[in-house]
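The structure appears below as structure tokens.
Bear in mind that the values in this text are calculations on the coordinates, not laboratory data. The model shown is predicted, which means the values in this text are computed figures rather than measured ones. Because the Cβ atoms are built from the backbone with ideal geometry, glycine has one as well, and the counts that use them run over all protein chains shown.
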Ligand SMILES: [Zn+2]
Ligand SMILES: [Zn+2]
């Protein structure tokens, strides 16, 4: 696929090419912080297929975590774009809501449902796992 996206204010823009490796809906507590309460919907891409075309992200990681992910966000509007995980050093994890057109997204698995809140929805027939971190 060829796709573009960016932050809320337009200071950060990116382009993506090639196939999405994994499409997930994550219910973990960290994702709830980042989204504002709902599960996070993300796609995982080979890092080489993700390119910032305008601007550079500010990054942040939690120093108190043993294996923190590096979070990318816009230095101007604060919009979270995605993250890099030490568990997937060759991947970029991108938040679906930052794509200009999100219609391509189809989650293949709901993960960390151990942290699921009662108000979270899991689409009918979507496989769910309480902890799994999918390789890919
Ligand atoms: Zn921005
Ligand atoms: Zn999560």
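Taking the Cα centre of each part, how many Å lie between the stretch 1-68 and the stretch 91-115?
So the two Cα centres are separated by 9 Å.
Mean residue ellipticity at 222 nm from the helices of the chain, using -39,500 (n - 2.57) per DSSP H segment of n ≥ 4 over the full residue count, to the nearest 500 deg cm²/dmol?
Theoretical 222 nm ellipticity from helices: -1500 deg cm²/dmol.
May I ask you to work out the translational diffusion coefficient for the chain at 37 °C, viscosity 0.692 mPa s, via Stokes-Einstein with Rh from the Kirkwood sum over Cα pairs, reported in whole µm²/s?
215 µm²/s
For a Förster distance of 22 Å, can you work out the FRET efficiency between the beta-carbons of residue 29 and residue 124, rounded to the nearest 0.05?
The formula returns an efficiency of 0.35 here.
Could you check the simple spin-label distance between residue 108 and residue 8, using points 7 Å along Cα→Cβ, in nm with one decimal?
Distance between the two pseudo-spin positions: 3.1 nm.
By count of other Cβ within 10 Å, fewest leading, how are 52, 14 ordered? If you can, show how the numbers build up before the last one.
Numbers: 52 14, 14 23.
Ranked by crowding around the Cβ, least crowded first: 52, 14.
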